[in-house]
Amino acid sequence: MPKETSAEDQQESEASLGVFGEWASPQLSDARLLRRIQQILDATTDAILFLDRDYNMTFLNRRAKELLAPGGDVVGKNLFDSFPGIVYENSPYVETYRKSMEDGVAGEFEAYYPEPLNLWLRVQSYPADDGIIVFFRDVTEERRAERELQEKREEAERQRMEIETVYRTAPIGLALFDTKDFRYLRLNDRQAEFFGIPPEQIVGRTLTEMAPIEGLRELFEQVLQGTPVQNHLLEGSLITRPEEHRYWTVSYFPVFAADGSLQAITAASLEITQQKKAEEALIRSEKLAVVGRLASSIAHEINNPLESVTNLIYLAQNSNDVAEVRRYLETAEMELRRASAITSQTLRFHRQSTSRTRQTYEGLMDSVLEIFRARIVNSLVSIQERSRAHVAVECFDGEIRQVLSNLVGNALDAMPRGGRLLLRSRDGTDWTTGRRGLSITVADTGSGMSATTLASAFEPFFTTKGMSGTGLGLWISQEIMARHQGRLTVRSSQDARRHGSVFRIFLPLDHAPRL
C-alpha cells in the first residue's frame, strides 16, 4: 500500500514542480524523494541556479546561496537587479544566458566577478523547458595559483635575461667546456675578444686548439678530479695571435648535475697583459732610480782614491828621495786598487743574473755595504753586524742585492742625524711552510713608522719621502722575494724608549724558480 501524502508534503511537492519539471512527475511526487534530490543538489560543490524566462532566480542550492546570496534570500528576485551593473558590463554573461534561454544553446564561459563577490567563476548554462539552469564553479584558487605561477615564470625569465646580459657583457672572459675533449660549449663576448673572432666561430673547438699553452690541459684535468683552479697566473700565446705573449688570471670550476655527476667545466679569465707590462716598466724604472740614488755614493767612493792618487803623484813628481817616491807610488797603487774594487762591486751589484748562483750572507751583504760605505760614515751611522749563518742559498744574486740595497738605503734615510744600523744573519726556518733557509735582518734606530704607514709600506707608489721617493722600492722588493718563494716582513715602533724598524728577509735553501 502506498504511503499517504500529507497536505504539507503535497504543498512542498507542488512548489517544487516549477523547479524540477519532469523530475516531479506523479511517480516521483513523494516529498521525501524531492528532499533527497534537494540534499543531493546541496551536497555538490558546484553552485546551481535556476532562472525562469524573466531571469528571476527561482532556485538556488546551498553552494549558490553561499556564493551569490551571502547577505540574504534572493529567490524570486531578478538576476540582473540583484547585482551591480559592473558585474555584467563588458562580459559574456548576458549573451551566453540569452542564447541558452532563447535559442536553446548550452553555453560556457569563465570570468571574474568583482565586488561584492571577488571571485573567478566557471559558468555553464543549459536550456530548460521554462528557463535555464546555470552551474557555477569557484576557480579563484586555481586562477590565483596560475597567476602566481605565471608571475614566477616571468620573474624567472627576467632573472634569466639579467644573468644572460651580465654573462654576455661581463668585463672578464667566461666560458663553459665539456668534460670529454674540453670543447667550448658557450662563451661570452669578452672571451671571444681574446681571440679576435666571433663566439660562434669558437663554439665546438677544443681548448688546446684555441690556446696551445703548456700546462693548460693539465689544469683542466685537475678540475676533472674535483679540484678547482683559482686565481692561477697563466701565460702564453693564442692560436689567432701566436706572436703575442700574453698573461691571464684564470679560475676553473667543476659544474655538477643534480645527481652529483660532473657535467661541465666553467672558466673565468681576466687578461692582465697590460698590467704585467706596466709592472715590468715600473721595475725597470725603480732599477734606474736605484742606480741614480747610488750614483752619487759611487762617485764619492771613487773620487776619494782618485784625489789621493793625484796628490800622491804630485808629491812623487816633486820629490828627489827615491824611497819616498816609491812609498808615494805604493800608496797610489793601493788607492787605485780600492777604486777598482769599488767598480767591480758596482758591476757585480747591477749585473742581472740569468741563472741561480749559490750565495752566502757575506757574499750578498759585503758588496751592498761597500757601495754605501761613504754615506754610512757621513751620516754618523755605526754598523753593528753579527753573522751566525752557515748556509748558502741558491738565488738570483743581483735581485737579492737590490732588495738589501733598498733596505739599507731606507734605514739610512730613517737616521739622518746618526744612529745604529744592525745587520744580523742566521740559519732560519719559515714556520708557515717549514722550509729551511737563510734569514737576514736589517734594523735601524730611526723614528719608526706609524700604524698607518706600516699598513701601506708595501703598496706601490706609497712613500713618505716626498719627491725624493718613488714608492716602489719595498713593493718591488716584496715581488722579488715572492719570485724566490721567500718572505719579506717588517715590524716598527715609535715608542720613545725603543724606536726604529726591523726588516727581515727569508730565502729558502732549495731552488728558487723564475716565475
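Can you give me the number of residues within region 153-173 that are in contact with a strand residue (DSSP E or B) (Cβ under 6 Å, 6 or more places away or on another chain) and of a type in the set (A, V, I, L, M, F, W, C)?
Total meeting the criteria: 1.
Among the residues of region 479-497 satisfying the criterion of being closer than 17 Å to residue 432 by Cα and polar (S, T, N, Q), which is modelled with the highest pLDDT?
Applying the filter and picking the extreme gives 489.
One line per residue, one yes/no per condition, for (1) more than 20 Å from residue 171 (Cβ to Cβ); (2) part of a loop (DSSP other than H, G, I, E, B):
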position	(1), (2)
214	yes, yes
217	yes, no
221	yes, no
231	no, no
245	yes, no
250	no, no
253	no, no
270	no, no
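Within region 37-55, track down each residue that is under 60 Å from the mean Cα position of the chain (by Cα) and over 18 Å from residue 132 (Cα atoms).
Matches in region 37-55: 44, 45.
Return yes when residue 137 is outside any helix (DSSP H, G or I) and either in contact with a Pro (Cβ under 6 Å, 6 or more places away or on another chain) or modelled with pLDDT under 90 (or both) and no when it is not.
Spelling it out, residue 137 is indeed outside any helix (DSSP H, G or I) and either in contact with a Pro (Cβ under 6 Å, 6 or more places away or on another chain) or modelled with pLDDT under 90 (or both).
What residue, among those in region 354-374 that are outside any helix (DSSP H, G or I), out of contact with any helix residue (DSSP H, G or I) (no Cβ under 7 Å at 6 or more places or on another chain) and not basic (Lys, Arg), is nearest to residue 407 (Cα to Cα)?
Going through the qualifying residues, I end up with 360.
Looking at 156, 175, which is the one that is in the same structural domain as residue 254 (by TED's automatic domain parsing) and not charged (D, E, K, R)?
That would be 175, the only listed residue that is in the same structural domain as residue 254 (by TED's automatic domain parsing) and not charged (D, E, K, R).
Of the residues 177, 195, 135, which single one is in contact (Cβ under 8 Å) with a residue 40 or more places away in the chain and either touching a Lys or Arg at 6+ places or on another chain (Cβ under 7 Å) or of a type in the set (A, V, I, L, M) (or both)?
Unique residue meeting the criteria: 177.
The values are calculated or read from the model by the stated rules, or taken from the named source; none is laboratory data. Source: prediction; values computed, not measured. Counting neighbours? That spans all protein chains shown, and the Cβs are built from the backbone with ideal geometry, glycine included.
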